[in-house]
Amino acid sequence: MKTRKQGVKYPNSRLKGLGEFMLFLQEPAWKPSLINIDLFKRLNLAKGKEGEAVYTLKFLGIISPDGNPTEEFDNLKKNYQGTLRRLVQEKYAELFSLIPPKLANQARLVKFFGDPVETAEYQAKLFVWLCNQAGIELPNVEEHFHRARFDKQDAE
């Protein structure tokens, strides 16, 4: 998790584990008393990257710093897309103020998140996925991200 100049630590969770967690969250009766790395391990979610997934939930305000589900957790159950849209717009306000959604593309997003580029790519992919889940259209973002690490492999 990289810290930007302004002090915001944007999450870089992998999408598979977080996506599976969001499916659990949308189950009406599902609400664990504590959401932490241990829960992710017990549910076999975000294997090896549980900490990043938990940080993402904290960043979005879905769980408290100590791992308790917040009011936003309940709000997501009632109105998943609408609540997620509001959370994404609030937590990524700096990005939205700099890059209008219609003008966002992979290069601009990766540049926004900064160095190292490999981490910035994960941060950008997560942001794009969250926007997709929230119904925020990013018409100029490629569906499949080109990864800088593949450029390095090709150069060898």
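The values are calculated or read from the model by the stated rules, or taken from the named source; none is laboratory data. Keep in mind that what you see is a predicted model, and the values were worked out from it rather than measured. Cβ atoms come from the backbone with ideal geometry, glycine included; neighbour counts cover every protein chain shown.
Any idea how many residues of region 113-122 are of a type in the set (Gly, Ala, Ser) and either at positive phi or not in a helix (DSSP H, G or I) (or both)?
Qualifying residue count for the region: 1.
Return the only residue of LEU87, LEU25, LEU95, LEU18 being at pLDDT 95 or above and touching a Ser or Thr at 6+ places or on another chain (Cβ under 8 Å).
Result: LEU18 is the single residue among LEU87, LEU25, LEU95, LEU18 that is at pLDDT 95 or above and touching a Ser or Thr at 6+ places or on another chain (Cβ under 8 Å).
Of a type outside the set (Gly, Ala, Ser), farther than 30 Å from PRO28 by Cα and at pLDDT 95 or above: is that true of PHE112 in this structure?
yes
Which ones in region 93-105 are assigned to a helix (DSSP H, G or I), in contact (Cβ under 8 Å) with a residue 24 or more places away in the chain and among the aliphatic types (A, V, I, L, M)?
Result: LEU95, LEU103.
Only one of these is over 29 Å from PHE96 (Cβ atoms) and in a helix (DSSP H, G or I): LYS16, LYS41, LYS58. Name it.
The match here is LYS41.
What are the pairs, 6+ residues apart or on separate chains, where a residue within region 9-25 that is within 16 Å of PHE59 (Cβ to Cβ) has its Cβ under 8 Å from a residue that is surrounded by fewer than 17 Cβ atoms within 10 Å (Cβ to Cβ) and among the β-branched types (Val, Ile, Thr)?
Once the first residue is within 16 Å of PHE59 (Cβ to Cβ) and sits in region 9-25, its partners that are surrounded by fewer than 17 Cβ atoms within 10 Å (Cβ to Cβ) and among the β-branched types (Val, Ile, Thr) give LYS9/THR3; ASN12/THR119.
Yes/no matrix, rows are residues, columns are (1) in a helix (DSSP H, G or I); (2) farther than 25 Å from GLY7 by Cα; (3) not hydrophobic (A, V, I, L, M, F, W, C):
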{"position": "LEU76", "(1), (2), (3)": "yes, yes, no"}
{"position": "ARG85", "(1), (2), (3)": "yes, no, yes"}
{"position": "VAL88", "(1), (2), (3)": "yes, no, no"}
{"position": "ALA107", "(1), (2), (3)": "yes, no, no"}
{"position": "LYS111", "(1), (2), (3)": "yes, no, yes"}
{"position": "GLU142", "(1), (2), (3)": "no, yes, yes"}
{"position": "PHE145", "(1), (2), (3)": "no, yes, no"}
